[in-house]
Amino acid sequence: MTNEKDICLSGSGLTKVFGMGRQKTVAVDHVDFNFCEGEVVSIVGESGSGKTTLAKML
């Protein structure tokens, strides 16, 4: 369990959409996270799943 005062970086409901209307593509959809000091984190997923987009958002 994470103590709130230990959280260094927090995100809630992160979403990234490219394009508009019928041409829109949701690259990242409602991502939540809490990163703590000293924690090692990796983002794993298939090609095209939004890993780089999420990293650029941070």
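Table: residues versus (1) small (Gly, Ala, Ser); (2) modelled with pLDDT of 90 or more; (3) not in a loop (DSSP other than H, G, I, E, B).
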residue	(1), (2), (3)
13	yes, yes, yes
28	no, yes, yes
32	no, yes, yes
38	yes, no, no
49	yes, yes, no
Of the residues in the stretch 20-58, those that are surrounded by 13 or more Cβ atoms within 10 Å (Cβ to Cβ) and in contact with a helix residue (DSSP H, G or I) (Cβ under 7 Å, 6 or more places away or on another chain) come to 27, 28, 31, 36, 43
Pick out the one residue from 17, 44 that is at pLDDT 95 or above, over 9 Å from the mean Cα position of the chain (by Cα) and part of a strand (DSSP E or B).
17
Checked pairs for the stretch 30-58, first within 19 Å of residue 6 (Cα to Cα), second modelled with pLDDT of 95 or more and surrounded by 10 or more Cβ atoms within 10 Å (Cβ to Cβ), C-beta under 9 Å and 6 or more apart or across chains, list as 32/14; 33/14; 58/14
Exactly one of these conditions fails for residue 9: (1) surrounded by 10 or more Cβ atoms within 10 Å (Cβ to Cβ); (2) part of a helix (DSSP H, G or I). Give me its number.
(2)
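The values are calculated or read from the model by the stated rules, or taken from the named source; none is laboratory data. Just so it is clear, the structure is predicted and the values come from calculations on it, not from any experiment. Quick reminder, even Gly has a Cβ in these numbers, built from the backbone with ideal geometry, and neighbours come from all protein chains shown.
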